[in-house]
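Quick one: the structure is below, and I'll ask about it shortly.
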Ligand code: PGA
């Protein structure tokens, strides 16, 4: 299984250094990826976990104040990068066209994109979640070769599940995973949204899941260890 940790905008320098010490004690067969807040990336020093970023610029180096581009990320040994997380889609107005540009640049710099897709509660209620997921994927991969598309990891995160403790039924999750597989039959797919050490027993019954993207749980290393033991 792949377990990606999304620290979001958390952990000061001192907190992150302590956190790395805790993470260094993790001993697991699973593939771990840590996506720290950008400012903490240069402090990363673990060899039991791969390094990811939470975002990359839509642009190459140049006059783009506040942006961090994929070449810079690679120069700090970043091997994975979240793309299109719903918090960035909502707060920074990232579009699917933006995710397409980011993915293109990341792949060119040999960084594996983790494309986040997922519907809002409203989109689910109005039954257009299938179209939303398809659009988020098809636009993000536009113009890429089959070989490039194969490199992308997909993270299905129902937006109403993120940080809320509300998780769809396994049947609902499987339905969406099959929609994703109908477009991308061989790509790895993670589930994200309130996954934790308590609900993992139910979630792990889903064979179609190749791993998890963890937000809140990423910050609680003791509970994360329990989670890792259960998968
Ligand atoms: P959560 O966040 O695990 O806290 O719900 C997941 C995410 O946003 O990636």
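In this structure, does residue 67 turn out to be surrounded by fewer than 21 Cβ atoms within 10 Å (Cβ to Cβ), modelled with pLDDT of 95 or more and either within 16 Å of the ligand (Cβ to nearest atom) or assigned to a strand (DSSP E or B) (or both)? Full working, then the answer.
Working: surrounded by fewer than 21 Cβ atoms within 10 Å (Cβ to Cβ): yes; modelled with pLDDT of 95 or more: yes; either within 16 Å of the ligand (Cβ to nearest atom) or assigned to a strand (DSSP E or B) (or both): no.
No, not satisfied.
Just to confirm my filter: which helices (runs of 4 or more DSSP H) fall fully inside the stretch 82-134 and include at least 1 residues that are under 22 Å from residue 36 (Cα atoms)? Even if it seems obvious, please write down each step before you answer.
Values: elements: 86-91, 96-108, 121-125.
The qualifying helices (runs of 4 or more DSSP H) are 86-91, 96-108.
So how many residues does the stretch 218-231 have that are in contact with a helix residue (DSSP H, G or I) (Cβ under 7 Å, 6 or more places away or on another chain) and surrounded by fewer than 21 Cβ atoms within 10 Å (Cβ to Cβ)?
Looking only at that region, the number is 4.
Run down 215, 192, 165 and say which single residue is touching a residue at least 24 places away in the same chain (Cβ under 8 Å) and out of contact with any strand residue (DSSP E or B) (no Cβ under 6 Å at 6 or more places or on another chain).
Numbers: 215 fails: out of contact with any strand residue (DSSP E or B) (no Cβ under 6 Å at 6 or more places or on another chain); 192 fails: out of contact with any strand residue (DSSP E or B) (no Cβ under 6 Å at 6 or more places or on another chain).
Going through 215, 192, 165 in turn, the sole match is 165.
The values are calculated or read from the model by the stated rules, or taken from the named source; none is laboratory data. Predicted model, so just to flag it, every value in this text is computed and none were measured. Quick reminder, even Gly has a Cβ in these numbers, built from the backbone with ideal geometry, and neighbours come from all protein chains shown.
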